[in-house]
1. So, restricting to helices (runs of 4 or more DSSP H) that lie completely within the stretch 29-133, which ones have at least 2 residues that are exposed (fewer than 11 other Cβ atoms within 10 Å of the Cβ), modelled with pLDDT under 90 and aliphatic (A, V, I, L, M)?
2. If a residue must be closer than 20 Å to residue 54 by Cβ and not small (Gly, Ala, Ser), how many such residues does the stretch 105-125 contain?
3. Name the pairs whose Cβ atoms lie under 9 Å apart, with the first residue in the stretch 108-126 and farther than 22 Å from residue 90 by Cα and in the same structural domain as residue 58 (by TED's automatic domain parsing), the second buried (at least 17 other Cβ atoms within 10 Å of the Cβ) and modelled with pLDDT under 90, and 6 or more positions between them or separate chains?
Amino acid sequence: MDELKMRFYTPVVTGTPHIGATGGLYPAGNSASSEKTSFEELLKEQLSQTQGVSFSKHAIKRAAENNIEISAQSLARLNEGVRLADQKNLGDTLIMVDQLAFVVNVRNQTVITAMKSGEKATVFTNIDGTVIV
């Protein structure tokens, strides 16, 4: 009966379990905190590598439709505009770079939409501010 009970109460482990120095599946001591620390370090490393804005699917589609090409210099200026908007605690912000207009969610650092200015009369709604760089 005890053998049958052990089958139902044995934890299910997916993947390769970490076997500690004691030989058990769950190592004793503070190894859980060392795993947490390594995860935090990994997360910080990944976040530091992803510098700059990302583009939503809608923004990529609009850029392709309007034949918008963004140079490295324009992208650097866009990132500077996002940094300035973040300093002012703005949410959705219109950022003008030369003849290009970008609506950016500053908190997520994501370009929501992109367009060329001066094509036609355009009204931007639901923005918190405008940055011209």
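The values are calculated or read from the model by the stated rules, or taken from the named source; none is laboratory data. Here the structure is a predicted model, which means the values were calculated and not measured. Cβ coordinates were reconstructed from backbone atoms using ideal geometry, including for glycine residues, and neighbour counts include every protein chain displayed.
1. Details: elements: 31-49, 57-65, 72-87.
Counting at least 2 such residues, we get 31-49.
2. Within the stretch 105-125, the first condition is being closer than 20 Å to residue 54 by Cβ, and the residues that meet it are 105-115.
Next cut, not small (Gly, Ala, Ser) only: 105-113, 115.
Residues flagged as closer than 20 Å to residue 54 by Cβ and not small (Gly, Ala, Ser) within the stretch 105-125 amount to 10.
3. What qualifies is 116/68.
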